[in-house]
Amino acid sequence: MINALIKIPRIYKQIFIISLDSLILISCLFLSFSLRLGYWFWPEFYLLLVILGAPIISVPIFFYFGLYHGISRFFGMPGLWGVFKAVCLYSLIWGLVGFMSSLDGIPRSVILINLLLSLISIIGLRILARSLLSNPNIIKNDKTINVLIYGAGSTGSQLMEALLQKSEYQPVAFIDDSSNLNRQFINNIKVHNFHDIDYLIKKYSVNEVFLAMPSISRVKRNQIIKNLQPFPVNVKTLPSFNDIAKGNLSIDDFRQVKIEDLLGRESVTPNQSLLEVNIRGKVVMVTGAGGSIGSELCRQIALLGVSKLILFEQSELALYNIDLELNKSVDLISLLGSVVNQDRVESICKKFGVQTIYHAAAYKHVPLVEFNNTEGVINNIFGTLGVANAAINCGVETFVLISTDKAVRPTNTMGATKRCSEIILQSLSQNQKLTRFMMVRFGNVLDSSGSVIPLFKKQIKAGGPITLTDKKVVRYFMTISEAVELVIQAGAMGKGGDIFVLNMGEPVRIYDLAIKMIKLSGLEVLSEINPNGDIEIKITGLRPGEKLYEELLIGGDVYETENSLIMRVVEETVDWSELELILKRLEVAALKFNHLKLRAILIKIVPEFKPQSSIADILYED
């Protein structure tokens, strides 16, 4: 019955409430006279007309104060104050009308009694309606999603109000870690501690848990979500209610907790001056501008007062997408081309007067580069050398190389090529002073192309299995936006030849990551222990070039910087005169597809290179 009442058209609800208010106010007048006189009072004709005409006074006043515009389920303090003012004004006007009508038999105390009875009745009616209509055991339908709200503070209370406006959501209980709130009620919904969660999920068939604690630390959030993992519920986090109030977001923007919410460490407020020093008022070029890192670099650079932003990209589609996204927000030049073409890069630098280069172009997918050794060497090593030489020839002020943790004691060709690129820039820094070369080394970025995160998401959506190379594989992770923010700041700190390493936090076991993603999707791991689970994790074995553990430091001296998440590393370098000769031999080997010689020369340049597999290039013939 109550569900049917909620669903009827609003105009009929208003007519019903107006009729009920009118009946209550007339009854209060009769009762006021009877209480004052001490017996049941029935008025004479003219006084009866004044009593029965009370709604003529009350209805316009109640409309004016919004009593018929609110929703009974959300009646709160503002509504209470509105009722108080409306009833007081109505009682006063009705009393004046009665006296002005010169009717006998209206004691003055009747007006005060009527005021009190009317207040109690009108407010009581709305509180009763709210209590009934917001009861989670009453309002539900087959499509209702029962949710627990984790956090009984002001945000949780506002969230409850917002969810009640959505017919598909029904908050059934609060969870809060504060012992002071345990067993308390917020708008007729009880607050429980975490120990009751299993009972609540079973009692109310809870489908989702909403986190309503926007100010807690990442560590605390991680712990809460870890505690929720054993339960078959979706965990969602909420937008800021300040943003909702400003109209930027709606409740529909609630999103499932993402794995990036759980990884890494507390971020450090960026130094704005460091962000701007190589960008504001300058001509900046980004190679690999359409890739995961390159495109995020472009987005952040566009917001930092760049004079002109040059996008350089080999992929036509990737360049088109980032150009389409940014062309209205910044002075943009989009150019197709390969970093291997030094003449084209040099002509671009000269024509536009490039002052800063962020070199993000590279082949980064380990197995693919392992199967295409020569292309990996040509693109990653000689592409870097070509862009670096173009920068020197054109007087570019700053050159920042995006490097990787796979360059540290590499076990694959990709990592060896990136370490070789670092060595080239270190050596060039010693050989000239026109261009400041910096390298920034970091681990995996979430949701980048080739990352396990989007792969796992796709596999979970398809019903599994999740494919994993080895249970022991460990990786560092960081969000793309944070990594790029730190790259830009690190590039501003260098004096030339610097290698910067980003603090990636604690390493993450990929197997644990897969389990977390399955749990956060409200599913169970399918295994021998749990044959009724949803998603299987299948171990496929390490691929060519892969290793179990990644590192960020080769050795040497490590120094802190002004940003606690950025470290400066001093490592051994190779003299340019010696390196140049070796690189020429490497180039010949790559162009002639001499895989054995290519690998031998790579090991000579990067002595730490310990290949995990034999030569796996598809064109290699043993």
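Place a label point 7 angstrom from the Cα of residue 621 along the Cα-to-Cβ direction, then list the residues of segment 558-595 whose backbone nitrogen is under 16 Å away.
Counting only backbone N, you get 592-595.
So for 335, 602, fewest C-beta neighbours within 10 Å to most, what's the order? Mind showing how you got there, number by number?
Values: 335 16, 602 24.
Ranking 335, 602 by Cβ neighbours within 10 Å, fewest first, gives 335, 602.
Can you bin segment 276-399 into rounded, prolate or oblate? Criterion: square roots of the alpha carbon gyration tensor eigenvalues sorted a ≥ b ≥ c, rounded for a/c under 1.5, prolate for a/b above b/c, oblate for the rest. If you can, show how the numbers build up before the last one.
On the way: a/c = 1.98, a/b = 1.34, b/c = 1.48.
It is oblate, given that a/c is not under 1.5 and a/b is not larger than b/c.
Could you order the peptides 477-485, 358-366, 56-64, 11-19 from most to least packed, using the average number of other C-beta atoms within 10 Å per residue?
Values: 477-485: 21.8, 358-366: 24.1, 56-64: 17.2, 11-19: 13.0.
Descending packing order for the listed peptides: 358-366, 477-485, 56-64, 11-19.
Label 7 Å along Cα→Cβ of residue 592; segment 350-387 residues with amide nitrogen under 16 Å?
Within reach of a label on residue 592: 374.
Among 607-615, 406-414, 491-499, how do they line up from the highest to the lowest mean number of other beta-carbon atoms within 10 Å? Display every interim value, and only then the final one.
Details: 607-615: 14.8, 406-414: 25.3, 491-499: 19.9.
Order by mean packing, descending: 406-414, 491-499, 607-615.
Could you tell me how far the Cα centroid of segment 32-62 sits from the Cα centroid of segment 511-532, in Å?
Each part reduced to its Cα centre gives a spacing of 69 Å.
How big is the gap, in Å, between the Cα center of segment 295-321 and the Cα center of segment 584-622?
Cα centroid of segment 295-321 versus Cα centroid of segment 584-622: 33 Å apart.
Which entries in 236/364; 418/584; 433/610; 433/592; 457/538; 220/471 show an alpha-carbon gap greater than 23 Å? Don't skip to the answer; put the middle values down first.
Values: 236/364 33 Å; 418/584 17 Å; 433/610 33 Å; 433/592 34 Å; 457/538 15 Å; 220/471 27 Å.
From 236/364; 418/584; 433/610; 433/592; 457/538; 220/471, over 23 Å: 236/364; 433/610; 433/592; 220/471.
Each value in this text was obtained by applying a stated rule to the coordinates, not by laboratory testing. Computed from a predicted structure; not experimentally measured. Every residue, glycine as well, gets a Cβ built from its backbone with ideal geometry; the counts of neighbours run over all protein chains shown.
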